[in-house]
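The values are calculated or read from the model by the stated rules, or taken from the named source; none is laboratory data. Computed from a prediction, not measured in an experiment: that's the story for all the values here. Virtual Cβ from ideal backbone geometry, glycine too; neighbours counted across all protein chains shown.
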């Protein structure tokens, strides 16, 4: 931290000099304007970006015939999440066909990324999505809707022995991943651009919470996928009707806890968050019974039934994580004294 003394100029103006290193880095010259933004915590943010327009961030990847295709895909996703608005993949020779295919696979699995230029040696991908058009709340809600339906369909596939439905649940996990990456990307953009933070109405200090919630929902989606995979393995196994009913009731309990946790998050309701944590007890009891009764089946089937029970229990555990975040955030913000919604 650099400490500088405030000087007085005239009757009512106060002046503080800017660090030369920062001035050089931002290429600010004499008489250039800078933006001053008063933060909620009393700090003052100085930005060279006075237009409010998102500044481009560019990333290049050099490739050749020996490039690890899987690593390249992970790097592209990493650049996307980091908030790069332009990504160029280039080669000294002709781009290998499988590299081109990998880039197109990347654009298909991410939101807002499009190939805008392509030559024999280069591909340029640009972000065409305006971050303000995808509010974080809406994305979290969409993730919640998808995950709830995935879990419902996974349990329905177990009852009906519908392998196609189970496989469809597994495919939908990719949709949740895409939205999770989008949340992480937008939060990184907010961290790097305070103007975007103001436009979206999300303080920088609050934005990181959305990444945590998105990650929790993504993990719940993984467990819905695991239930679907185990349902496929149990497609030829006769399961008692009353035992299926117990699994369905546990599934309903798990989703009720999940929905209540999301409602507490969106309403900033600390009391509901606390009550929801307590509701996990009944879910845990049902899951223990399901795991215990699984032992009456052959070993291979019992393993899959226990896996399903464990996934349902984990849905409750992760939903509790959402509730704990709500409580921690509200208490940290100093608003817990009212014990009511914000």
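Within the option set 138, 188, 168, being part of a helix (DSSP H, G or I) and either over 24 Å from residue 265 (Cβ atoms) or not assigned by TED's automatic domain parsing to the domain that holds residue 311 (or both) holds for one residue only, 168. Has the stretch 264-272 got at least one residue that is touching a residue at least 60 places away in the same chain (Cβ under 8 Å), farther than 24 Å from residue 145 by Cβ and surrounded by fewer than 16 Cβ atoms within 10 Å (Cβ to Cβ)? Within the stretch 264-272, one or more residues are touching a residue at least 60 places away in the same chain (Cβ under 8 Å), farther than 24 Å from residue 145 by Cβ and surrounded by fewer than 16 Cβ atoms within 10 Å (Cβ to Cβ).
For the stretch 133-143, the set of residues classified as within 30 Å of residue 232 (Cβ to Cβ) and surrounded by 23 or more Cβ atoms within 10 Å (Cβ to Cβ) consists of 143 only. Residue check: is residue 126 modelled with pLDDT of 95 or more and not assigned by TED's automatic domain parsing to the domain that holds residue 239? Here the answer is yes, as residue 126 does meet what is asked.
Taking the conditions exactly as written (under 21 Å from the mean Cα position of the chain (by Cα) and surrounded by 20 or more Cβ atoms within 10 Å (Cβ to Cβ)), does residue 225 satisfy them or not? Judged against the criteria, residue 225 is a match.
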